[in-house]
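S.K.: Attaching a single structure in structure tokens format; questions to follow.
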Amino acid sequence: MSRRIALSVAAGVVILGGAGALALAHAGERAPAPAHSSARYTAPDGDRDGSLAFVTDVTASSGVKSVKVLAWPQNSSFAEKGLTAKDMAAAESAVCKPSGQNTVRCTYTVKVTGADAESSPRGVWHVAVLATAKDGTTTLDTKAADFAVR
């Protein structure tokens with residue numbers, strides 16, 4: 001084997017090895033993944049306020065930076081045009097606590113007054129979640145959980 005061919009083969013091995021290592025490194029980085037999401041709506045009753053409680057587990061290989069939550073009625077403009085990450089920019093943040101390696105349990109609770117309930121559309125509502133990992137990757141789940149307003 002000539003020296004030129006041997007150097008070409010060696011360079012090819014180094015390049016392919018580097019590309020393989022890079023692919024393996026990126027394979028370990030996954031976007032944040034919300035799971036086991038649930039929502040519970042309790043309507044106000046008399047003088048007692050109601051509430052909306054939402055819980056989800058989020059896992060991200062680089063760690064979870066933030067989780068934003070937005071409840072939206074099925075019969076809204078979001079249903080027609082689709083909810084985007086930009087729409088979630090002003091959404092409220094959930095409170096997240098570690099619950100495993102690279103996993104957090106996030107909760108969001110909001111009070112629902114009688115006036116809130118009166119002005120809210122009746123029917124099915126969805127809870128959207130925008131999860132952001134520490135490496136900057138995001139996942140938007142526009143229908144992480146559902147609940148009904150009657």
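The values are calculated or read from the model by the stated rules, or taken from the named source; none is laboratory data. Everything numeric in this text was worked out from a predicted model, so none of it was measured. With ideal geometry, Cβ positions are generated from the backbone for all residues, glycine too; neighbour counts draw on all protein chains shown. Only protein heavy atoms, including side chains, enter the accessible area calculation; ligands, DNA and RNA are left aside. Shrake-Rupley method; radii C 1.70, N 1.55, O 1.52, S 1.80 Å.
S.K.: Looking only at residues in the stretch 100-134 that are open to solvent by 70 Å² or more (accessible area, probe 1.4 Å) and in contact (Cβ under 8 Å) with a residue 24 or more places away in the chain, which one is nearest to N75 (Cα to Cα)?
M.R.: The selected residue is R122.
S.K.: G50 - would you say it is farther than 30 Å from R30 by Cβ, open to solvent by 30 Å² or more (accessible area, probe 1.4 Å), in contact (Cβ under 8 Å) with a residue 60 or more places away in the chain and over 16 Å from the mean Cα position of the chain (by Cα)?
M.R.: Answer is no for this residue.
S.K.: Here is a follow-up. Name the one entry in S61, S8, S66 that is modelled with pLDDT of 95 or more, open to solvent by 30 Å² or more (accessible area, probe 1.4 Å) and not in a strand (DSSP E or B).
M.R.: Exactly one residue qualifies, and that residue is S61.
S.K.: Quick check: is even one residue across the stretch 110-129 in a strand (DSSP E or B) and within 10 Å of V58 (Cβ to Cβ)?
M.R.: Yes, the stretch 110-129 has at least one match.
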